[in-house]
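First the structure, in the form of structure tokens, and then the observations on it.
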There are 2 protein chains.
Amino acid sequence: MAGLVSIDEVRAAARRLHGVAVRTPLIPFPAARPAEVLIKPESLQPTGAFKLRGAYNAIAALPDADRRRGVVAHSSGNHGYAVAYAAALLGVKAAIVVPDNAPKVKTDAIESAGAELVRVRPTLAARIEGSLNIARARGYAQIPPFDHRQVIAGQGTIGLEIAEDCGPHAPAAVLVPVSGGGLISGIAVAIKALRPQAKVIGVEPELAADARESFRSGTRVAWTAADVARTAADALRVEQVGELTFPHIRELVHDIVTVTEEEMLAAVRTLALRARLVAEPGGAAAAAASLFRSAGELGVQGGPLVVVLSGGNVDPVLLARVLAPDTESYNR
Amino acid sequence: MAGLVSIDEVRAAARRLHGVAVRTPLIPFPAARPAEVLIKPESLQPTGAFKLRGAYNAIAALPDADRRRGVVAHSSGNHGYAVAYAAALLGVKAAIVVPDNAPKVKTDAIESAGAELVRVRPTLAARIEGSLNIARARGYAQIPPFDHRQVIAGQGTIGLEIAEDCGPHAPAAVLVPVSGGGLISGIAVAIKALRPQAKVIGVEPELAADARESFRSGTRVAWTAADVARTAADALRVEQVGELTFPHIRELVHDIVTVTEEEMLAAVRTLALRARLVAEPGGAAAAAASLFRSAGELGVQGGPLVVVLSGGNVDPVLLARVLAPDTESYNR
């Protein structure tokens with residue numbers, strides 16, 4: 001381990017991602033409670049989530065000989081699609097190990113990108129094992145969903161763009177959904193290097209708050225798969241932050257707050273109607289915090305808040321239900 | 001009349017709009033039929049539609065003494081909200097004349113921006129008369145929805161951004177929804193000045209195809225209010241293109257094609273699920289053409305197509321219905 005990911009590694013990732021990842025704009029979010037909130041809509045990446053950045057950077061950074069054999073990833077969905085998509089862009093074979101409760105919209109996307117789909121039980125352990133078996137048998141390089149320097153560096157390009165685009169005034173805080181911790185780790189590296197006044201705050205579902213517990217206790221705590229399966233935020237169902245991401249979170253993150261299931265679903269609705277952005281529940285976690293927590297509750301003051309909308313691969317029936325809750329059939 | 005709007009007028013508008021309008025990115029749209037399609041999502045403007053550009057530019061360009069008295073606009077909705085919002089930003093009083101069949105989501109937004117709402121019958125004539133009466137009685141400056149140089153120049157900044165952002169290869173064509181013609185006129189000015197190889201193609205609902213009829217016949221044809229009221233694309237229910245926009249369309253636009261109601265609604269669904277963008281039916285007209293017409297049918301070849309998504313202020317119940325068409329209650 002060579003310490004935390006550096007801003008130079010994030011800058012190298014930005015060069016690899018030029019022309020591949022969409023440079024997402026900052027979008028005003030007038031519905032939010034604190035005075036000024038800007039959304040960074042990573043849902044607008046071609047795969048519908050930020051994961052494309054880390055996955056592409058990790059595959060592009062592989063030595064040629066490794067890349068030629070192929071790549072394998074395990075994922076609750078968005079990372080799997082990102083690896084499949086990035087591998088296709090780079091002409092690399094890919095196998096994706098997914099939990100058997102992953103939403104169909106996500107597994108369909110993985111298959112449509114041309115990757116091989118491997119289904120396992122919905123635990124982190126089963127996914128790690130499945131991925132390792134394929135790596136050993138075929139010599140494929142593993143592209144982990146979060147606990148990998150190049151993955152963290154790729155996600156960090158979001159922080160780089162926020163730092164460059166937020167104008168003369170640094171944001172008071174950047175709010176980021178937390179699952180395995182790769183997204184918030186990368187963003188925190190860039191923000192702390194370039195806009196050190198800005199606080200980086202993680203947001204987790206109350207029903208999958210292992211990262212907050214780890215952050216508060218100072219040790220990496222694991223929740224059970226059954227615990228985290230309770231949240232509708234399928235993208236945030238990882239049981240434990242990573243060995244590499246945890247020190248980033250401890251050192252660079254100011255706080256981790258939680259939101260309820262109802263708050264995430266309300267944020268999905270408000271994002272669709274007030275920012276015209278489609279979000280999945282986990283992708284809307286940070287937006288939910290901006291809607292339902294005051295600046296005081298978040299421990300921030302002054303300047304704008306930046307909210308990362310991390311993904312938009314939502315089940316269409318769920319999205320329809322939050323949009324038209326008064327429709328009779330939806331109350332059945 | 002001083003001829004067509006010039007690229008210098010568009011550049012002046014871009015300077016006024018800096019920091020006010022979101023610089024919307026070009027988003028890949030993998031679902032589209034022609035090989036490569038990029039979406040310009042103007043639905044991400046703070047008002048949910050491109051209209052903010054023209055409205056703000058027109059108000060900001062008024063002489064101080066005029067602006068101080070106030071502004072009045074007539075609009076099928078999105079322009080009204082844009083004038084209300086832009087006036088609030090500039091500290092100017094605003095009265096907005098709307099047809100009494102405008103969707104509630106749009107009239108609510110106008111009121112929330114602090115403007116006065118004036119309801120009239122759903123015809124262009126009634127809206128023009130209502131607006132003129134307020135202008136005469138109070139000395140308010142009229143901000144027309146499309147037939148005004150500064151409005152056209154403001155919408156033209158979309159074309160300027162497309163020309164700057166599309167990289168080394170000019171798009172083969174830019175597809176633009178057409179109603180009164182302000183959007184396509186402004187975009188065509190910028191594209192023809194900066195990327196003259198690119199064709200500018202208008203897209204209209206089959207049920208409100210007055211602009212295509214005008215374009216083909218060479219004279220400005222008016223459809224009836226009852227005719228155009230048939231389309232679900234409420235943003236495109238204008239009966240006739242403008243006196244000023246028509247010469248722009250005749251001189252700078254390559255063709256105008258039509259799409260059906262079903263195609264626009266299917267495009268709303270596909271934009272939500274494949275590009276994670278919320279569109280209103282009229283806003284999705286050009287995207288519908290990219291989904292349901294081949295490059296040959298559009299008369300284009302080579303390079304990417306750019307599709308303008310002009311607005312996202314959709315009725316939540318309509319959006320829910322297109323997202324979950326199989327839900328029993330929606331078939332009633």
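Please treat every number below as a calculation from the coordinates, not as lab data. Fair warning: this is a prediction, and the values are worked out from it, not measured in the lab. Glycine gets a Cβ as well: all are built from the backbone with ideal geometry, and neighbour counts include every protein chain shown.
The Cα atoms of the range A:52-142 cover 34, 25, 19 Å along the three principal axes, with the biggest extent listed first. Comparing A:Pro171, A:Pro316, A:Pro122 in a Gaussian network model of chain A, where Cα atoms under 10 Å apart are tied by springs, the biggest mean-square fluctuation is seen for A:Pro316.
Computed from the C-beta positions of A:Asn101 and B:Arg11, the FRET efficiency with R₀ = 56 Å rounds to 0.55.
Legend: helices of chain B (whole DSSP H runs) are marked when their alpha-carbon atoms reach 20 angstrom or more along the helix axis and their mean Kyte-Doolittle hydropathy is at least -1.0; marked are B:124-138, B:149-165. The eigenvalues of the Cα gyration tensor, multiplied by 5 and square-rooted, give chain A an equivalent ellipsoid with semi-axes of 28, 23, 19 Å from largest to smallest. Only the Cβ atoms of Lys and Arg (+1) and of Asp and Glu (-1) were treated as charged; on that basis the dipole of the range B:183-332 about its Cα centre amounts to roughly 500 debye. Projecting the Cα positions of A:Gly159, A:Leu44, B:Val203 onto the charge dipole of the protein assembly as shown (unit charges on Cβ atoms of Lys, Arg, Asp and Glu, taken about the Cα centre) puts A:Gly159 furthest along the positive direction. In the protein assembly as shown, the convex hull through the Cα atoms has an average projected area of 28.2 nm², a quarter of its surface area.
Just B:Ile96, B:Ile143, B:Ile134 to compare: in a GNM of chain B, with alpha carbon springs under 10 Å, which one fluctuates most? Largest GNM mean-square fluctuation: B:Ile134. Placing pseudo-labels 7 Å out from each Cα toward the beta carbon at A:Asp66 and A:Arg136 gives an inter-label distance of 1.9 nm. The charge dipole of the range B:52-142, taken about its Cα centre with unit charges on the Cβ of Lys, Arg, Asp and Glu (plus for the first two, minus for the last two), comes to roughly 100 debye.
With R₀ fixed at 22 Å, the C-beta to C-beta distance from A:Thr224 to A:Arg250 puts the FRET efficiency at about 0.45. Between amide H atoms placed 1.01 Å from N, distances below 5 Å from A:Val72 occur with A:Ala95, A:Ala141, A:Gln142, A:Ile143, all of them 5 or more places distant or on a separate chain.
The calculated FRET efficiency for the pair B:His18 and A:Gln301, based on their C-beta separation and a Förster distance of 25 Å, comes to about 0.35. Annotation: for a label point projected 7 angstrom from Cα along Cα→Cβ of A:Ser294, residues of the range A:22-61 with backbone N closer than 14 Å are A:33-35. Normalised by the number of residues in chain A, the mean separation of alpha-carbon contacts (under 8 Å, six or more apart) gives a relative contact order of 22 percent.
Every pair of different Cα atoms in the range A:127-223 enters the Kirkwood calculation, which places the hydrodynamic radius at 15.0 Å. Residue by residue, the range B:297-305 carries 3J(HN,Hα) couplings of 5, 7, x, 10, 8, x, x, x, 9 Hz when phi is fed to the Karplus relation 6.51 cos²θ - 1.76 cosθ + 1.60 (θ = phi - 60°); x denotes Gly or Pro. Remark on A:Val257: its backbone amide H falls under 5 Å from those of A:Gly202, A:Val203, A:Glu204, a criterion applied only to residues 5 or more positions apart or on other chains, H modelled at 1.01 Å from N. Each Lys and Arg contributes +1 and each Asp and Glu -1, all at the Cβ; summed about the Cα centre of chain B, the dipole is approximately 700 debye. Each principal axis of the range A:1-157 carries a Cα extent, and these read 54, 35, 29 Å when sorted largest first. Dividing the summed -39500 (n - 2.57) terms of all DSSP H runs of n ≥ 4 by the residue count of chain A sets its mean residue ellipticity at 222 nm at -13000 deg cm²/dmol. Net charge of the neighbourhood of A:Tyr140, taken over other residues with C-beta under 11 Å away and scored Lys/Arg +1, Asp/Glu -1, is +4.
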